[in-house]
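As structure tokens, the structure follows; a few thoughts come after it.
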Amino acid sequence: MDPLACGRLAPPPLYGLVLAGGRSTRMRRDKAALAYQGRTQLERAMALLTAHVARAFVSVRADQGSDAVRARFAQIQDAHENIGPLAGLLAAQAQHPEAAWLVLACDLPLLDEATLAHLLRARDPARTATAYRSSHDGLPEPLCAIYEPRSREPLAAYVAAGKQCPRKFLAGADTLLLDEPNPRALDNINTPEEYGSAMATLTAQGSATTRHITVQYYALLREQAGRREEALVSAARTPRELYEELAARYPFTLAPEVLRVAINAEFGEWSTPLAEGDAVVFIPPVAGG
């Protein structure tokens, strides 16, 4: 009989992993850097995770480790290519095989504290994994789930057999499946349209106050927006939220990290709160030497 099932041993330590190694092809910009309510999605996910685990890491590809969004966090680099999110989990298990892993995708902006806490309370260390049953199709949700150390060997064998679908792995494993307390909490965001919908949902949930903002564009941003200035009503609370809101509308190719922002003719921070009537300017880098 499993000692854990008898309650004679403490459960394995719980570490956290935010999967941020995807290429964001459908979004056409880095999903980890998208802003929600004043923070990047990666910052928000790490904040949710860190409160519940002994150690927290960001899963990255080898070429992502030094980018501005990810560099501030402890990282685990993928050791496999072209196998999707399982690459991150396998790398984490190889580095810390003694730990259980609470795994989150970085594109779950509607994930709330109550949903995460419910998963943690229900965790069964005697099982292979604990996960939610999708409110959309009833299948396991692998990207907000707890993988126990006992999942390492069968998961490695699963991938060695040429299989890559984490949902099918959980469906065939000894997984404790839970009903989602919030049926939208695990909606992932893959396209600009879905990003706009998520922003609208979060705005409605927070009863966000709209503001009249004037925006000016220069150089490449002016070309991509097709205008030099516009007045708009926005629920964005910071310049970062405002820029991501505009980037979902216009084909901007510059990340916030390469821009400067000015508010009312003074250089400001991306996290500065916006006020009614503010004039915001996004300033691209100057070309040439």
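Each reported figure results from applying straightforward, stated rules to the coordinates on display, with no laboratory input. Computed from a prediction, not measured in an experiment: that's the story for all the values here. Positions of Cβ are backbone-derived with ideal geometry, glycine not excepted, and every protein chain shown enters the neighbour counts.
Would you list the P(r) distribution for the range 3-179, with all Cα-Cα distances sorted into 5 Å bins from 0 and each bin expressed as a whole %?
Per 5 Å bin, starting at zero, the Cα-Cα P(r) for the range 3-179 comes out as 1, 8, 18, 22, 22, 16, 9, 3, 1, 0 percent.
Under a crude label model (7 Å from the Cα following the beta-carbon direction), how far is A157 from D137 in nanometres?
Reported label-point gap for A157 and D137 is 2.6 nm.
So which trypsin sites (Lys or Arg not before Pro) in the range 9-63 are both in a DSSP loop and have at most 16 other Cβ atoms within 10 Å of their Cβ?
Passing sites in the range 9-63 are R23, R26, R28, R61.
Please sort 153-165, 135-147 by packing, taking for each peptide the average over its residues of neighbouring beta carbons within 10 angstrom, highest first.
Most protected by this proxy first, the peptides run 135-147, 153-165.
7 Å from Cα along Cα→Cβ at both N182 and L9: what's the point-to-point distance in nm?
Each label point is offset 7 Å from its Cα along the Cβ direction, giving 3.5 nm.
Compute the distance from the alpha-carbon center of the range 78-146 to that of the range 162-191, in whole Å.
Computed from Cα coordinates, the inter-centre distance equals 8 Å.
Provide the FRET efficiency to the nearest 0.05 for the D124-R228 pair, computing r from the beta carbons and using R0 = 41 Å.
Efficiency for this residue pair is about 0.10.
Taking all pairs of distinct Cα atoms, average 1/r, flip it, and tell me the Kirkwood hydrodynamic radius of the range 172-282 in Å to one decimal place.
15.8 Å
With an 8 Å Cα cut-off and a minimum separation of 6 or more residues, compute the relative contact order for the range 3-179 in percent.
Relative contact order for the range 3-179 comes out at 23 percent.
Taking 30 Å as R0, compute the FRET efficiency from the Cβ-Cβ separation of R61 and E269 and round it to 0.05.
Efficiency computed from Cβ-Cβ geometry: 0.55.
Quick check: net charge around L34, other residues with Cβ under 12 Å of its Cβ, Lys/Arg +1 and Asp/Glu -1?
-1
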